[in-house]
1. Only residues that are touching a helix residue (DSSP H, G or I) at 6+ places or on another chain (Cβ under 9 Å), part of a loop (DSSP other than H, G, I, E, B) and at pLDDT below 95: list them for region 296-323, please.
2. Check whether at least one residue in region 262-270 is assigned to a loop (DSSP other than H, G, I, E, B), surrounded by 18 or more Cβ atoms within 10 Å (Cβ to Cβ) and not aromatic (Phe, Trp, Tyr), and report yes or no.
3. Looking at ILE256, ILE282 in this structure, which one is at pLDDT below 95 and closer than 23 Å to ARG154 by Cα?
4. How many of the residues in region 152-189 are farther than 16 Å from GLY205 by Cα and under 21 Å from the mean Cα position of the chain (by Cα)?
5. Here are some conditions: (1) at pLDDT below 95; (2) assigned to a helix (DSSP H, G or I). ASN89 meets all but one. Which one does it not meet?
6. Mind checking which pairs have a first residue in region 169-189 that is without any contact (Cβ under 8 Å) to a residue 40 or more places away in the chain and a second that is crowded, with 17+ Cβ neighbours inside 10 Å, Cβ under 6 Å, 6 or more apart or different chains?
7. Counting just the residues of region 64-79 that are farther than 16 Å from VAL150 by Cα and part of a loop (DSSP other than H, G, I, E, B), which one comes out modelled with the highest pLDDT?
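The values are calculated or read from the model by the stated rules, or taken from the named source; none is laboratory data. All values derive from a computational prediction rather than experimental measurement. Ideal geometry is used to build each Cβ from the backbone, glycine not excepted, and the neighbour counts take in all protein chains shown.
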Amino acid sequence: MKQKITLKHIAKELEVSISTVSKALKNSEEIGRDTKEKVQAFAKLYNYKPNNIAISLKNKRTKNIGVVIPDIVHHFFTTVFRGIEKYANKQGYNVIVCVSDESFDKEVINMEMLANGSIDGFIMSLSAETQQKQDFNHLKEVTEQGIPLVLFDRVSDEIACDKVVINDMEVAYQAVNKLIEEGRKKIALVTTENYFNVSNQRAEGYTKALINDGRKLDDKLVLKLPYKGVEEHMIEEFINTTDIDGILCVNELFAILCLRLAQKKGLRVPEDISIIGFTNGILSRYCTPTLTTIAQHGEEMGERAAQMLIERVESEIDEEEETYRTEVIEATLIERESTK
């Protein structure tokens with residue numbers, strides 16, 4: 001399929017700014033005759049078609065924000081959405097939420113549905129399939145047309161936009177050090193595939209902590225699970241056949257399953273084994289024993305994302321002058337009964 005040409009492509013080819021291209025195509029008097037003719041001829045040659053939906057979205061304020069999240073069941077994403085809605089409502093904006101259900105196709109469909117002139121910009125966290133495919137064309141089309149986009153938690157360096165994340169690597173390092181200080185000798189990592197940017201960062205923190213303590217890495221102590229359809233027996237076999245006395249899990253569900261299956265095996269928590277998870281959700285606070293966990297401060301992340309998007313929506317800065325920033329929220333290790 002022939003690639004669709006954008007304002008950015010024309011600007012790069014002709015070595016002018018995106019704003020110059022846009023004005024030249026509109027016959028603006030601000031642009032010299034030679035430049036206008038060159039830009040218009042290039043656009044005609046490559047059959048440039050303006051994205052009318054994107055133009056409508058950019059030029060008309062609706063006071064609506066589109067939010068696309070991978071999963072509504074996980075506590076973390078619900079708290080992020082709560083933060084987005086809380087801040088947006090205070091600023092007079094409404095929020096429309098869609099769930100991609102970890103599907104690339106649903107993510108694309110959700111964005112196409114929302115980008116019909118009814119919203120002012122997007123806040124989203126990438127689906128598992130999008131990160132697995134590394135296909136970000138639907139996002140790039142939005143940003144290339146100047147539509148504000150803020151990514152949170154699951155992000156990609158390939159997309160030029162504002163982002164909000166936590167210090168995943170550093171806090172995972174801190175959690176593993178906590179287990180090392182307890183005297184744990186066989187510390188396991190229960191994670192997902194590395195194409196998840198958050199899981200990859202947390203695995204780096206795990207690895208760094210072990211290496212800094214002079215330990216050799218053991219692949220047998222790392223369990224990688226699918227992002228969907230995790231069944232109990234996948235973790236139970238690992239718990240029953242691997243000599244471990246500490247576990248770091250990259251999410252709350254994995255941690256709760258590890259806790260239950262360790263107890264089923266007859267291990268005492270935390271006397272025989274310590275367990276730490278991510279996401280300070282309801283399950284972590286009310287399981288027995290209560291779970292030591294890493295609070296990701298989802299509500300604060302949502303508020304920051306909404307603030308960044310609304311500032312971008314209401315900004316009058318020309319596109320070629322824009323710079324994007326990544327805000328890092330400091331996660332917190334909350335110690336409970338599953339560690340000493």
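1. Residues satisfying the conditions are ASP318, GLU322.
2. First pass over region 262-270, keeping only residues assigned to a loop (DSSP other than H, G, I, E, B): 266-270.
Narrowing further to those that are surrounded by 18 or more Cβ atoms within 10 Å (Cβ to Cβ): 269-270.
If we keep only those that are not aromatic (Phe, Trp, Tyr) as well, we get 269-270.
Yes, region 262-270 has at least one match.
3. On inspection, the qualifying residue turns out to be ILE282.
4. Total meeting the criteria: 13.
5. (1)
6. Close Cβ pairs satisfying both conditions: MET169/GLN201; MET169/GLY205; TYR173/GLY205; TYR173/ALA209; ASN177/ALA209.
7. Filtering region 64-79 down to residues farther than 16 Å from VAL150 by Cα leaves 71-76, 78-79.
Adding the requirement that they be part of a loop (DSSP other than H, G, I, E, B) leaves 71-74.
Working: ASP71: 91, ILE72: 85, VAL73: 83, HIS74: 87.
Going through the qualifying residues, I end up with ASP71.
One line per residue, one yes/no per condition, for (1) in contact with a strand residue (DSSP E or B) (Cβ under 6 Å, 6 or more places away or on another chain); (2) part of a loop (DSSP other than H, G, I, E, B):
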position: VAL150; (1), (2): yes, no
position: GLU158; (1), (2): no, yes
position: ASN194; (1), (2): no, yes
position: GLU237; (1), (2): no, no
